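The values are calculated or read from the model by the stated rules, or taken from the named source; none is laboratory data. Model, not experiment: these values are computed from the prediction. Quick reminder, even Gly has a Cβ in these numbers, built from the backbone with ideal geometry, and neighbours come from all protein chains shown. We work out accessible area using only protein heavy atoms, side chains counted, and drop any ligands, DNA or RNA first. Shrake-Rupley method; radii C 1.70, N 1.55, O 1.52, S 1.80 Å.
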Amino acid sequence: MAVIGALTRSTSRISSSCSSAAVAAAAGHLWHPFASSSPSSSPPPRHYAGGGRSPLSHRAQIRSSAALARGFERRFASMATKNSFEGILTRLAKPGGGEFGKYYSLPALDDPRIDRLPYSIRILLESAIRNCDEFQVTGKDVEKILDWENTSPKLVEIPFKPARVLLQDFTGVPAVVDLACMRDAMNKLGGDSNKINPLVPVDLVVDHSVQVDVARSENAVQANMELEFHRNKERFAFLKWGSNAFNNMLVVPPGSGIVHQVNLEYLGRVVFNNGGMLYPDSVVGTDSHTTMIDGLGVAGWGVGGIEAEAAMLGQPMSMVLPGVVGFKLSGKLSNGVTATDLVLTVTNILRKHGVVGKFVEFYGEGMSQLSLADRATIANMSPEYGATMGFFPVDHVTLQYLKLTGRSDETVAMIESYLRANKMFIDYSEPQTERVYSSYLELNLEDVVPCISGPKRPHDRVALKEMKADWHSCLDNKVGFKGFAVPKESQNKVAEFSFRGTPAQIKHGDVVIAAITSCTNTSNPSVMLGAALVAKKACELGLEVKPWIKTSLAPGSGVVQKYFDKSGLQKYLNQLGFNIVGYGCTTCIGNSGDLDESVSAAISENDIVAAAVLSGNRNFEGRVHPLTRANYLASPPLVVAYALAGTVNIDFETEPIGTSKDGKNVYLRDIWPSNDEIAQVVQSSVLPDMFRGTYESITKGNPMWNQLSVPSGSLYSWDPASTYIHEPPYFKNMTQSPPGPYPVKDAFCLLNLGDSITTDHISPAGSIHKDSPAAKYLMERGVERKDFNSYGSRRGNDEVMARGTFANIRLVNKLLNGEVGPKTIHVPTGEKLSVFDAAMRYKSEGHDTIILAGAEYGSGSSRDWAAKGPMLQGVKAVISKNFERIHRSNLVGMGIIPLCFKAGEDADTLGLTGHERYTINLPSNVSDIKPGQDVTVVTDSGKSFTCTLRFDTEVELAYYNHGGILPYVIRNLTGAKQ
């Protein structure tokens, strides 16, 4: 029977239009992964780090419930108060008697279409049913999802309310800044500032601030943490204030691990049990690699910070119902092939297939051969292959991992019972119902070979046996993603230098950074212990790493150190210089720290194309380190191998990696462990108690965190002298009435950009260059260069970030005729200025600006500052060939118009130079604008062209009408007419 039957059968009413799950969450019934799942038991509270208050406290329950009730009474008093699907609420019995709770039963719909739905779509369906209040979510929305097979090709719009929100500190600080600023704006408009409070659980993990200042030292962890706190004390105190000032916000302090590994091993619920209401875990995060949790069967993906803030405040996310690519896996990985090799292969296949805006769902008999950690590695790199999710439905492997990571037996039993009962569990021992997918791919795991990716993009996969030839091609090729244009006569140049009094030399392709880093790989015991075994075998043969190579090991959680210690292998990594430097993202996000001055000088003075090899997920130019032009992604064991070789210019099959202590050649095959060797060490060294012990104490903080003093009060006291936390100008002069569409007339082109402009180009996260506008701003306020910190650490200050927008030293702007760097031309005068200075000149003259760009504009990390920065610089529209999914959404959220050239057209084919002035012909009334409509752009040179308007939903048009998503939410909460 179809949905209409369920609507007819529904007879009871619920107490509010918000879901029971949201009510429970707001009341503080937060799940604890190591506790019993029974709603009648009293699970241990999830403490706020250093905050001294649990979300389960009586005060928090009363305040949160009251706020939710007030919100319902004022906002939805005239709306329906009945969930249309209460008739399918069903009790879930425990095997031994009693019940786990109630759930909205998909089988009770008695609709044959459900069995054909991909598992990922079933999660969207359940959420829509549970939240169906006929206001934010309607029965028509439920029907769209049920009829996914027919509706998804039509790009229909649906609302989605995630169960929780995940933040890291780089994106979390500006999110908390925005929430604090929104409270002030609510006050000024006469509203209740306490309405600005998360209504769903928000977890913030501080992991992006630690830098590799100290490496190859037994004291590296402590030394780097002390420097981290010295640089970021103000930011950390602000986050600690936020954990006290806002309900439902857990802050995991620095030194605990990487957000996605902590999410996988601890925060991920798989199934929520909130006050006896059961429903699937789902999460949106302000980091694009939130998708790692998809490997656990939890639907999760990255969104912009501003979207996440709206989700926190109970706003449904508007999304296009995605197509789902079915990716069938068969066979098993060959000996010596790692999960990293597999994910780089999968990334390459999916980039070629085209999966932007789609879900990818993995299935097939090969799934039984993939550990949960291997699945998480593949899911993690969804942004690199372009998908919204890389989803692995829950099966027996998932349940085994949950037990391994210390989740209680009762919790795991509840998860399995619920998912089986609601047709969300896949049991490969049973006959499979054929599911429908939008398109199909297949990979035999036996076909995967060892590989790396680079030198400038994660999807440029190179088979290991072809690496040397590929490197020489890169030296020869013209400057581009696969080229450095090094003249033949210079390719064998040797630069001599002195390293701490010892003669040394460096050549093109020599490795200067070798980093075992990133959530992608450090969550996977097989590749981590595999790297340690490579180190052991190398040390036993007497191999060494050159002392000027900056080696580092940054695990994603304390569990890694525990199983390294248990295995006895850490000492071999230390011997090669891979000492643990901290528990955070480090080199993967550009926090690689300085190279030795002698190495830096040798590279710069001789124009050497130096290399970094890292077990990360991003290797865009300028990201890892300003002086490493070649950056390769590799498995942790290969990171150790390349560190030993000292160069990427090597054929591991035919050339030795080094010489043993007895003078014999040693090849990679001599030190590479077998799959059985690795499996044995994993089996004996990775134990559930390690996870329990690590995470039961994770929110207790550390002495440096606990000693931070923070102000009290629900409103933040802004310090105008602060260079870290600054009140942003988003809501200045804001009124109750929406401003309406902004006319873009005779705008100048601020930048004319090519393909693959990443968020690293737009909003750098690395070091602040000494000659940049941001550096000038800081020095004018008494900040010494040694205390500049990184752009990422200063995301709470809009003044710094606006100046840092388009400050990447590798930015290629066509207005500069081939010159590389963060400059542009002020068109009226022809003067060459920094991008920020040019933008301010245009603003002071009363001129709007636009940006021209090529394909894949905004790819990379999901940085909301890549949209906030251009908005503050006065950019009104971006015209590109296409956009990365999250970045387009961020532009919309900040009120910037995203336009796409028609197929086969771009700035070059249309003869646009960027010296023209641009008028965008959009209706002045938002009701006359339609998602995806054609828009004519006219230039003062007489040329005009047609673009596609990339406001994709009616909700996005509403955001545009209000000047952005945050003003929209504030007006909504203050009761303004929409």
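Does Thr654 fit the bill of being β-branched (Val, Ile, Thr), surrounded by fewer than 23 Cβ atoms within 10 Å (Cβ to Cβ) and under 15 Å from Thr551 (Cα atoms)?
The answer is no for Thr654.
Quick check on the range 766-801: of everything there that is among the β-branched types (Val, Ile, Thr) and within 30 Å of Asp848 (Cβ to Cβ), which residue is modelled with the highest pLDDT? It comes out as Val800. For the range 148-204, the tally of residues that are among the acidic types (Asp, Glu) and under 30 Å from Arg113 (Cα atoms) stands at 2. State yes or no: is Leu344 of a type in the set (A, V, I, L, M, F, W, C) and either out of contact with any strand residue (DSSP E or B) (no Cβ under 9 Å at 6 or more places or on another chain) or surrounded by 24 or more Cβ atoms within 10 Å (Cβ to Cβ) (or both)? Yes; evaluated as a whole, the condition is true for this residue. Answer yes or no: is there a residue in the range 631-643 that is open to solvent by 30 Å² or more (accessible area, probe 1.4 Å) and touching a Ser or Thr at 6+ places or on another chain (Cβ under 7 Å). Taking every residue of the range 631-643 in turn, none turns out to be open to solvent by 30 Å² or more (accessible area, probe 1.4 Å) and touching a Ser or Thr at 6+ places or on another chain (Cβ under 7 Å).
Within the range 769-795, the residues that satisfy the criterion of being open to solvent by less than 10 Å² (accessible area, probe 1.4 Å), in a loop (DSSP other than H, G, I, E, B) and free of Cβ contacts under 8 Å to residues at least 40 places away in the same chain are Phe788, Tyr791.
Looking only at strands (runs of 3 or more DSSP E) that fall completely inside the range 86-169, which ones have 3 or more residues that are closer than 30 Å to Arg863 by Cα and in contact (Cβ under 8 Å) with a residue 12 or more places away in the chain? Walk me through it before giving the result.
On the way: elements: 89-93, 99-104, 157-160, 164-168.
Where strands (runs of 3 or more DSSP E) fall fully within the range 86-169 and carry at least 3 residues being closer than 30 Å to Arg863 by Cα and in contact (Cβ under 8 Å) with a residue 12 or more places away in the chain, they are 157-160, 164-168.
Exactly one residue out of Ser282, Ser217 is among the hydroxyl-bearing types (Ser, Thr, Tyr) and open to solvent by 10 Å² or more (accessible area, probe 1.4 Å), and it is Ser217.
Restricted to strands (runs of 3 or more DSSP E) entirely inside the range 212-322, those with at least 3 residues that are farther than 23 Å from Leu372 by Cα are 249-252, 317-320.
Residues in the range 165-183: is at least one among the aliphatic types (A, V, I, L, M) and more than 28 Å from Met319 (Cα to Cα)? No: the range 165-183 contains no residue that is among the aliphatic types (A, V, I, L, M) and more than 28 Å from Met319 (Cα to Cα).
Residues that are touching a Cys at 6+ places or on another chain (Cβ under 9 Å) and of a type in the set (Phe, Trp, Tyr) within the range 379-429 are absent altogether.
Go over the candidates Thr946, Thr936, Thr913 one by one and state the one that is without any contact (Cβ under 8 Å) to a residue 40 or more places away in the chain and either at negative phi or of a type in the set (Asp, Glu) (or both). Let's see the steps before the verdict.
Numbers: Thr946 fails: without any contact (Cβ under 8 Å) to a residue 40 or more places away in the chain; Thr913 fails: without any contact (Cβ under 8 Å) to a residue 40 or more places away in the chain.
Of Thr946, Thr936, Thr913, the one residue that is without any contact (Cβ under 8 Å) to a residue 40 or more places away in the chain and either at negative phi or of a type in the set (Asp, Glu) (or both) is Thr936.
Only one entry of Val283, Val259 meets the criterion of being modelled with pLDDT under 95 and under 18 Å from the mean Cα position of the chain (by Cα), and that entry is Val259. Can you confirm whether Arg461 is charged (D, E, K, R), open to solvent by 50 Å² or more (accessible area, probe 1.4 Å), on the phi > 0 side of the Ramachandran plot and touching a residue at least 12 places away in the same chain (Cβ under 8 Å)? So Arg461 fails the test. Leu922 passes every criterion in (1) crowded, with 21+ Cβ neighbours inside 10 Å; (2) out of contact with any Gly (no Cβ under 8 Å at 6 or more places or on another chain); (3) more than 23 Å from Pro739 (Cα to Cα) apart from (3).
The residues of the range 420-479 that are of a type in the set (D, E, K, R), touching a strand residue (DSSP E or B) at 6+ places or on another chain (Cβ under 6 Å) and at pLDDT 95 or above, listed by number, are Glu442, Asp470.
The residue pairs whose first member lies in the range 624-649 and is more than 17 Å from Gly590 (Cβ to Cβ), whose second member is open to solvent by 10 Å² or more (accessible area, probe 1.4 Å) and part of a helix (DSSP H, G or I), and whose beta carbons are closer than 7 Å, counting only pairs six or more residues apart or on different chains, are Ala641/Leu668; Asn649/Lys468. In the range 220-244, of all residues being within 19 Å of Leu167 (Cβ to Cβ) and of a type in the set (Asp, Glu), the one that is least open to solvent (accessible area, probe 1.4 Å) corresponds to Glu228. Here Gly963 fits the description: open to solvent by 30 Å² or more (accessible area, probe 1.4 Å), closer than 30 Å to Thr388 by Cα, small (Gly, Ala, Ser) and touching a residue at least 40 places away in the same chain (Cβ under 8 Å). The residues listed here are Asn492, Asn477; of these, the one that is in contact with a Gly (Cβ under 9 Å, 6 or more places away or on another chain), farther than 20 Å from Ile549 by Cβ and either in contact (Cβ under 8 Å) with a residue 60 or more places away in the chain or not charged (D, E, K, R) (or both) is Asn477.
Of these, Asp848, Asp837, which one is acidic (Asp, Glu) and either without any contact (Cβ under 8 Å) to a residue 24 or more places away in the chain or more than 25 Å from Ile725 (Cα to Cα) (or both)?
Asp848
Scanning the range 806-820 for residues that are in contact with a helix residue (DSSP H, G or I) (Cβ under 7 Å, 6 or more places away or on another chain) and open to solvent by 70 Å² or more (accessible area, probe 1.4 Å) yields nothing. The single condition from (1) within 30 Å of Asn789 (Cα to Cα); (2) surrounded by fewer than 18 Cβ atoms within 10 Å (Cβ to Cβ); (3) of a type in the set (S, T, N, Q) that Asn675 fails is (1).
Hey, can you tell me all the residues within the range 404-461 that are of a type in the set (Ser, Thr, Tyr), in a loop (DSSP other than H, G, I, E, B) and within 25 Å of the chain's Cα centre (by Cα)? Before the answer, list the steps.
Restricting attention to the range 404-461, the residues satisfying the condition of being of a type in the set (Ser, Thr, Tyr) are 405, 408, 411, 417-418, 428-429, 433, 437-440, 453.
After this cut, where a residue has to be in a loop (DSSP other than H, G, I, E, B) as well, the list is 405, 408, 428-429, 433, 437-438.
Result: Thr405, single match.
Taken as a whole, the condition of being surrounded by fewer than 20 Cβ atoms within 10 Å (Cβ to Cβ) and at pLDDT 95 or above does not apply to Ala128.
Residue by residue, here is whether (1) at pLDDT 95 or above; (2) in a loop (DSSP other than H, G, I, E, B); (3) touching a strand residue (DSSP E or B) at 6+ places or on another chain (Cβ under 9 Å) holds:
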{"residue": "Phe731", "(1), (2), (3)": "no, yes, no"}
{"residue": "Met734", "(1), (2), (3)": "no, yes, no"}
{"residue": "Ser737", "(1), (2), (3)": "no, yes, no"}
{"residue": "Lys745", "(1), (2), (3)": "yes, no, yes"}
{"residue": "Phe748", "(1), (2), (3)": "yes, no, yes"}
{"residue": "Asn752", "(1), (2), (3)": "yes, no, yes"}
{"residue": "Ser756", "(1), (2), (3)": "no, yes, yes"}
{"residue": "Pro764", "(1), (2), (3)": "no, yes, yes"}
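For the range 553-565, which residues satisfy the criterion of being touching a residue at least 40 places away in the same chain (Cβ under 8 Å) and more than 14 Å from Ile678 (Cα to Cα)? Of everything in the range 553-565, those that are touching a residue at least 40 places away in the same chain (Cβ under 8 Å) and more than 14 Å from Ile678 (Cα to Cα) turn out to be Ala554, Pro555, Gly556, Ser557, Gly558, Val559, Lys562. Only residues in the range 307-320 that are over 15 Å from Ala958 (Cβ atoms) count as the first member; pair them with residues that are open to solvent by less than 10 Å² (accessible area, probe 1.4 Å) and polar (S, T, N, Q), Cβ under 6 angstrom, at least 6 apart or cross-chain, and list the lot. Between residues of the range 307-320 that are over 15 Å from Ala958 (Cβ atoms) and residues that are open to solvent by less than 10 Å² (accessible area, probe 1.4 Å) and polar (S, T, N, Q), the close pairs are Ala308/Thr286.
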